[in-house]
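Below is one structure; the comments refer to it alone.
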Amino acid sequence: MQRKSMIMKRICSCLGAVALVFSLTACSTTGPDDEKVIIVEKEEEQLVYKLTVASVGDVVKTERIKCTYQQMKDQDVSFALNGRRVTKVYVKEGDMVKKGQLLAELGSEDIRNQMDDLEYQIARNKMLLEHSQINEDNNISLLWANLLYYRMGSENSVKSQVANMQQSGRYYREDLQDKIGFDEQQLESLQKTVKQSSVYANMDGTVSFVKENLEGSTSEKDEVVISVIDNTDCLFTVEGVEYADRFEADDLLNMDVISGTGTGAYVLKPAHMEQWKEKLLFSIVEQPEGISPEVGAMGYMAIVVDKVENAICLPLEAIHTAEDKRYVYVLDDDGNRQLLWIETGLEGDTSVQVLSGLSEGDKVILR
């Protein structure tokens, strides 16, 4: 009986050990990552705003206007005759020319031949006219001499012959004078045509344009075929006289050339304001060292088109718009963002005038 009791104790001890093993094995099925899971409560994000202050200052609105470097003197050359062949062009683009220099001409050989013929006819008829009177005077003298010395005819017959001779001479000379007058008119017309067949430079300058394939082409009346510019007298010009009242004679203006030779920053001042009609003119006060603009160089000048002084103002980026109404964001006492409606005036290049809704020193959210 005692032996049986000891056996049962040993069996129970073994079963307990097995149960412990199974218990440990069952716990080991949980993954190692699951053993390291930590739950952390999410914290609320704190927003940080950049602020700006409503301050008193000037609100300035500018506008960029285009400036072009142009010559003040130029000449557009055209022929006054239509349908004639251009026989000779004496210049090309870039050539320097002098005032009075022949630039191009139309064919006029046939016209010059006609002029030669007319000049001959005029000279011949003038000579005949002069000799006609001399011959008439000689013939009349001969009639009277024959009557006086040789008793040839009677006085009445001589008088009749003289009258007929004078009448014929007068008619003859009138015909010659008519021919001379007509030929002189024809000659003058041809001379004008020859003059119009040639074009000349009316100033010293540089040839800036020659029509392509001009030599050998047919002329079209008043068509520009050659242009000459005086590039020694150039100014920056602005199209649009509506800006004229924005300038004073002693203004100094900043302008940036962005195209053409001579790019860079310039300082200009108004020039020849009495001539401001279709264009505004500006001369160079300062320019980049060692650089000169060429004709056609283009840049932009900033001019003040509106300005409000001593106004409460805010930077442009601080102001928002909704349905044509303006508003800003401000912070309340608890640091929360709040919308505030305001009334604005002039909107400048970098700031906006505040008419109501804010006072000097008020802080608004910039972004």
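The values are calculated or read from the model by the stated rules, or taken from the named source; none is laboratory data. This is a predicted model, so every value here is computed, not measured. Here the Cβ is made from the backbone with ideal geometry for all residues, glycine too, and neighbour counts use every protein chain on show.
Selection of strands (runs of 3 or more DSSP E) fully inside the stretch 234-342 by the criterion of at least 1 residues being modelled with pLDDT under 90 and of a type in the set (Gly, Ala, Ser) returns 253-259, 298-315. One residue is enough: does the stretch 113-124 have a residue meeting the conditions more than 30 Å from Leu214 (Cα to Cα), modelled with pLDDT under 90 and crowded, with 16+ Cβ neighbours inside 10 Å? Among the residues of the stretch 113-124, not one is more than 30 Å from Leu214 (Cα to Cα), modelled with pLDDT under 90 and crowded, with 16+ Cβ neighbours inside 10 Å, which makes the answer no. Residues of the stretch 244-256 include at least one that is crowded, with 18+ Cβ neighbours inside 10 Å, touching a Cys at 6+ places or on another chain (Cβ under 7 Å) and not acidic (Asp, Glu). The residues in the stretch 185-208 that are more than 30 Å from Tyr90 (Cβ to Cβ) and crowded, with 16+ Cβ neighbours inside 10 Å can be counted, and the count is 0.
Taken over the stretch 54-110, residues that are touching a residue at least 24 places away in the same chain (Cβ under 8 Å), assigned to a loop (DSSP other than H, G, I, E, B) and surrounded by 12 or more Cβ atoms within 10 Å (Cβ to Cβ) amount to 13. Evaluated against (1) over 29 Å from Gly296 (Cβ atoms); (2) surrounded by 16 or more Cβ atoms within 10 Å (Cβ to Cβ); (3) in contact with a strand residue (DSSP E or B) (Cβ under 7 Å, 6 or more places away or on another chain), Ile229 falls short on exactly one condition, (1). Looking at Asp230, Asp222, just one residue is modelled with pLDDT under 95 and within 30 Å of Ser292 (Cα to Cα), and that residue is Asp230.
Of everything in the stretch 322-344 that is under 51 Å from the mean Cα position of the chain (by Cα) and free of Cβ contacts under 8 Å to residues at least 12 places away in the same chain, the residue that is surrounded by the most Cβ atoms within 10 Å (Cβ to Cβ) is Gln338. In the stretch 345-354, is there at least one residue being over 13 Å from Phe236 (Cβ atoms), among the acidic types (Asp, Glu) and within 35 Å of the chain's Cα centre (by Cα)? Yes; the residues of the stretch 345-354 include at least one that is over 13 Å from Phe236 (Cβ atoms), among the acidic types (Asp, Glu) and within 35 Å of the chain's Cα centre (by Cα). Taking the criterion of being over 16 Å from the mean Cα position of the chain (by Cα), farther than 13 Å from Cys234 by Cβ and surrounded by 13 or more Cβ atoms within 10 Å (Cβ to Cβ), the only residue of the stretch 277-293 that qualifies is Pro288.
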